[in-house]
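K.L.:
Dropping the structure in here first, questions after.
The values are calculated or read from the model by the stated rules, or taken from the named source; none is laboratory data. Everything numeric in this text was worked out from a predicted model, so none of it was measured. In this analysis, Cβ positions are derived from the backbone assuming ideal geometry, glycine residues included, and neighbour counts consider all displayed protein chains.
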Amino acid sequence: MNKKNYLPNHIAIIPDGNRRWAKEKRQQAFEGHRYAAQTTLPNLVDEFIRLGIKYFSFWALSTENLTTRSKIELNNLFSLMRYFLKSKYKEFKEKKIRIKVIGDLNKLPEDLQREIPKISKESLDNEKLTIILGLNYGGRDEIIRAIKKIPSFAEASAGKQNSKITKESFSEYLDTSGIPDPDLIIRTGGEKRLSGFMLWQSEYSELYFSNLYFPDFTAEELKKAVKNYGERQRRFGK
């Protein structure tokens, strides 16, 4: 085992299976999301802190979710986002947790558009754990938005910008600028794909797939994933 890489610095989770979890319990789909937001996610956050992991990315809402889910379900999801961002904020502040949100926020409800930058700014100096929330986030969408931020080559030719684009310079235009790439990406719910999550950043991420629905993905299950990661030897293409 390569002990140097035993503990990942950045873990990302694709939380699949909330609706199926609720269906099997003969509950409304919203109950799976509610349990995940109010119980599963806070427990995992505490475990991340206990383990000493510095970055935790969580895909809360994809760009596809925003266009395909019913208005009722989206409103429920937005309510949970408000709960997580506002009700938990004081607790996160005490635990020195930084909140960073990635995705196209312009299509979210106006109150969330106002609240998210405020919370992000106020938690900027917290260093115990950084939580990166993907809201209306998609990997392709992120790359397209990043490209649109790059100054035109005409401006570059005129000497206003450096025309040479490198992997490092391009990363600065992404939503995750300043955040290290995920070492480990976990997907729950039995599906074995990334669905476009962090397309650029996942180049050398280790992948871990759990058959458990996300509401059942406990701190103990997280430790199993971390242990599995520690038994791998990362080569980074070498």
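K.L.:
Against the conditions (1) within 19 Å of the chain's Cα centre (by Cα); (2) closer than 21 Å to Leu194 by Cα, where does Arg20 fall short? Just the number, please.
P.N.:
Going through the list (1) within 19 Å of the chain's Cα centre (by Cα); (2) closer than 21 Å to Leu194 by Cα, Arg20 breaks only (1).
K.L.:
At pLDDT 95 or above, closer than 23 Å to Ile97 by Cβ and acidic (Asp, Glu), is that true of Asp183?
P.N.:
Against the criterion (at pLDDT 95 or above, closer than 23 Å to Ile97 by Cβ and acidic (Asp, Glu)), Asp183 qualifies.
K.L.:
Taking region 102-131 on its own, how many of its residues are farther than 19 Å from Asp46 by Cα and either assigned to a strand (DSSP E or B) or small (Gly, Ala, Ser) (or both)?
P.N.:
3
K.L.:
If you scan region 168-207, which residues turn out to be touching a residue at least 24 places away in the same chain (Cβ under 8 Å) and farther than 20 Å from Leu61 by Cα?
P.N.:
Result: Phe170, Ser171, Tyr173, Pro180, Asp183, Tyr204, Ser205, Glu206.
K.L.:
In region 208-224, what count of residues is obtained for those that are of a type outside the set (Phe, Trp, Tyr) and touching a residue at least 60 places away in the same chain (Cβ under 8 Å)?
P.N.:
Count: 7.
K.L.:
If you go through region 216-235 one residue at a time, do you hit one that is crowded, with 20+ Cβ neighbours inside 10 Å, in contact with a Lys or Arg (Cβ under 9 Å, 6 or more places away or on another chain) and not aromatic (Phe, Trp, Tyr)?
P.N.:
No, because not a single residue in region 216-235 is crowded, with 20+ Cβ neighbours inside 10 Å, in contact with a Lys or Arg (Cβ under 9 Å, 6 or more places away or on another chain) and not aromatic (Phe, Trp, Tyr).
K.L.:
Considering each residue of region 174-224, count those that are in a loop (DSSP other than H, G, I, E, B) and of a type outside the set (Phe, Trp, Tyr), and give that number.
P.N.:
29
The rows are residues; the columns are (1) among the charged types (D, E, K, R); (2) out of contact with any Cys (no Cβ under 9 Å at 6 or more places or on another chain); (3) in contact (Cβ under 8 Å) with a residue 40 or more places away in the chain.
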site: Leu77; (1), (2), (3): no, yes, yes
site: Lys100; (1), (2), (3): yes, yes, yes
site: Gly103; (1), (2), (3): no, yes, yes
site: Pro109; (1), (2), (3): no, yes, no
site: Asp125; (1), (2), (3): yes, yes, no
site: Gly134; (1), (2), (3): no, yes, yes
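K.L.:
Name the residues in region 132-142 that are out of contact with any Gly (no Cβ under 7 Å at 6 or more places or on another chain) and either in a loop (DSSP other than H, G, I, E, B) or aliphatic (A, V, I, L, M) (or both), would you?
P.N.:
Matches in region 132-142: Ile132, Leu133.
K.L.:
Across region 103-119, which residue is farthest from Ser62 (Cα to Cα) among those that are touching a Leu at 6+ places or on another chain (Cβ under 7 Å) and not charged (D, E, K, R)?
P.N.:
Ile119
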